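Since the structure comes first, as structure tokens, the remarks are kept for the end.
The values are calculated or read from the model by the stated rules, or taken from the named source; none is laboratory data. All values reported here derive from a predicted model rather than from experimental measurement. Glycine gets a Cβ as well: all are built from the backbone with ideal geometry, and neighbour counts include every protein chain shown.
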């Protein structure tokens, strides 16, 4: 598997790079698998592919604090990311791993792979809900996926030193909640892993055997996606447009 550690300058560009890696794999004549790791340099709100932004995000609060809002290519609800939140994305071949065409199997496979790699450091880590990793019944990793014809993109968060209190002022309670959440606020529901970013990077690289450097990352695809898709969607978010009026395919 290829390995790319790359953080770009904007929230939109970083989300676009995840999608560009998926597009690149789809256009390749062979199975192409990649692990990417990055960490935001400032706070941002990321909403799911079908999220209704006004229902999930306190847009006025984000605007007052100049916190960008962007829509990812995968599903799920809104999250707040920033320094202290390590982001990972893995592009997997559905030709090499056909069982992952089933969404439940894809979630189980990726989450179990990451959880097993973390347990030598934090034995209590376990999977919960549809796509969460938890510690002492509190979530430290939320994940989502996008399945295409020959590859899938699975990406998520790993909280390790993230300030939890501001999240309540930026996000509404999610429209769908796993049972184990029990109605807890964001700050009461989330937690940080007791590990540093270097350890987490090594855990992920080892878990996915990502030993081949990804030198030629798809910067042109990324720039095109930012210009044609992500930047317009960010503008729509700031205008509080509901999902139904957003540009198709965002």
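Residues of segment 53-112 that are more than 16 Å from residue 154 (Cα to Cα) and assigned to a helix (DSSP H, G or I): 53, 54, 55, 56, 59, 60, 61, 62, 63, 64. Considering 63, 71, 49, 102, the condition of being without any contact (Cβ under 8 Å) to a residue 40 or more places away in the chain and either in contact with a strand residue (DSSP E or B) (Cβ under 9 Å, 6 or more places away or on another chain) or farther than 21 Å from residue 17 by Cα (or both) is satisfied by 102 alone.
How many residues does segment 18-38 contain that are touching a residue at least 60 places away in the same chain (Cβ under 8 Å) and touching a helix residue (DSSP H, G or I) at 6+ places or on another chain (Cβ under 7 Å)? Count: 9. Please find, within segment 170-192, the residue that is nearest to residue 140 (Cα to Cα) out of those that are assigned to a loop (DSSP other than H, G, I, E, B) and touching a helix residue (DSSP H, G or I) at 6+ places or on another chain (Cβ under 7 Å). Restricting to residues being assigned to a loop (DSSP other than H, G, I, E, B) and touching a helix residue (DSSP H, G or I) at 6+ places or on another chain (Cβ under 7 Å), the top hit is 185. Within segment 212-230, restricting attention to residues that are touching a strand residue (DSSP E or B) at 6+ places or on another chain (Cβ under 7 Å) and at pLDDT 95 or above, which residue is surrounded by the fewest Cβ atoms within 10 Å (Cβ to Cβ)? Ranking the candidates gives 213 first.
If we scan segment 193-210, do we find a residue that is part of a loop (DSSP other than H, G, I, E, B), under 19 Å from the mean Cα position of the chain (by Cα), over 17 Å from residue 33 (Cα atoms) and free of Cβ contacts under 8 Å to residues at least 12 places away in the same chain? For segment 193-210, residues part of a loop (DSSP other than H, G, I, E, B), under 19 Å from the mean Cα position of the chain (by Cα), over 17 Å from residue 33 (Cα atoms) and free of Cβ contacts under 8 Å to residues at least 12 places away in the same chain: absent. For segment 155-169, a residue qualifies if it is buried (at least 20 other Cβ atoms within 10 Å of the Cβ) and assigned to a loop (DSSP other than H, G, I, E, B), and exactly one does: 162. Considering (1) buried (at least 23 other Cβ atoms within 10 Å of the Cβ); (2) within 14 Å of the chain's Cα centre (by Cα), the lone condition that residue 118 does not fulfil carries the number (2). One residue stands out among those in segment 113-136 that are touching a helix residue (DSSP H, G or I) at 6+ places or on another chain (Cβ under 9 Å) and in a helix (DSSP H, G or I): the one that is farthest from residue 150 (Cα to Cα), which is 118.
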